[in-house]
Amino acid sequence: MKTYNYNWIEFLSGRNVIKVTNEKEFNIFKEFLEKYGLVEILNDTNTYSEWQHLAAINGKNENLFLFEYNNYKGLTWWDNIQEATDYYGESPIEVSELQKLFDIKSIDKSIKNETKRLCDLVDIETNNKECVVLKIKENSSLDLIKLGCFEGDENLIRITKGANHTITIFSGKNHYSWDFGDSGYTLVSKSMDQKRDMILDCIEIDFDIYIGKNAKLIEKSLDIQSVEDVINRENKYEVCKDGPNYLVHKNGEFFRLFSNIESYKNFCSRINSYEKSNENDLQNDNENDYDYN
């Protein structure tokens, strides 16, 4: 389990010093104070050279600042590591620990800004022989909008199983539906096509729930209630390259057509993040003996 060293809290609570020995370290220390709204404790001594000048005036080491802080004295400093260590009972905090804090915050920020997939925003409310119902998680409106084809006010998504499918979107007291499958499809906008593909990918790839017409395969995936249930499940995939297209079969049935290598590789990466094994290597561009006519 990964843990982080938060010794810098000892500085803010007046229980240890932070060691600064050069201009680069001072700038990191100053940035740290700015992050926590404490930069005013520098008392307008905002550069390393200014602190060196202050040290010279006070007859202290101009290249070693062991800064300490408390509410009643403000910011002061030592210039003797051994004395500070004896007083506080531990070694001074290194500026590198503050840098790690900024790195962690940058990672956290990038994660927060990352667009989530639909499977991250829904829970499986129902998975039975007739349909799958997805319930939108609380506080997911903005993330839904970021997907590019949802309004953000959706509550439930239902898709029926079988040779033909009906997708129904519930938003409060309102709902709308459209059909597709062996018997044809409802003519819809490009945005609705995108929404359908996203819902299918969520259910069939991320949740690995079978929604076709094979009753045995429907039965086999009824136990799936979350992404965790998909980890290490095994499926058999076979792929054939037809010109620029990649045609994928899953467990003996046609599954997806990818019109370019990029979308095909994205699919492979998505599958391999969940499943234990793929009997035929999906990254292999060799054709298998499938009749797609």
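What number results when the radius of gyration of segment 143-191, computed over Cα atoms, is divided by 2.2 N^0.38 Å?
Values: Rg = 12.0 Å, N = 49, 2.2 N^0.38 = 9.7 Å.
Against the compact-globule rule of thumb, the ratio is 1.24.
Tell me the volume per residue, in Å³, of the convex hull enclosing the alpha carbons of segment 118-230. Don't skip to the end; give the middle numbers.
Details: hull volume 10.6 nm³, N = 113.
Cα convex hull per residue, to the nearest whole number: 94 Å³.
How far apart, in nm, are two points set 7 Å out from the Cα along the Cα-to-Cβ line at L222 and at L75? Simple spin-label model gives 6.7 nm for this pair. Between T126 and A215, the contour length at 0.36 nm per residue exceeds the Cα-Cα span by 30.3 nm.
Residue pairs exceeding 19 angstrom between C-alpha atoms, taken from K135/K190; K161/K220; K216/K250; K161/K195; K216/K265; K137/K213: K135/K190; K216/K265; K137/K213. Compared with the alpha-carbon gap, the fully stretched path from N27 to E138 is longer by 35.9 nm at 0.36 nm per residue. A straight chain from I41 to F254 at 0.36 nm per residue would run longer than the Cα-Cα distance by 70.0 nm. Here each label is just a point 7 Å from Cα along the line to Cβ, and for S263 and D182 those points are 2.5 nm apart.
Here the Karplus curve 6.51 cos²θ - 1.76 cosθ + 1.60, taken at θ = phi - 60°, turns the phi angles of segment 216-229 into couplings of 5, 6, 4, 4, 5, 9, 5, 7, 7, 10, 6, 4, 4, 6 Hz, with x standing for Gly and Pro.
Taken together, the values in this text are just the output of simple stated rules run on the coordinates, not laboratory data. Predicted, not measured: the structure shown is a model, and the values here were computed from it. With ideal geometry, Cβ positions are generated from the backbone for all residues, glycine too; neighbour counts draw on all protein chains shown.
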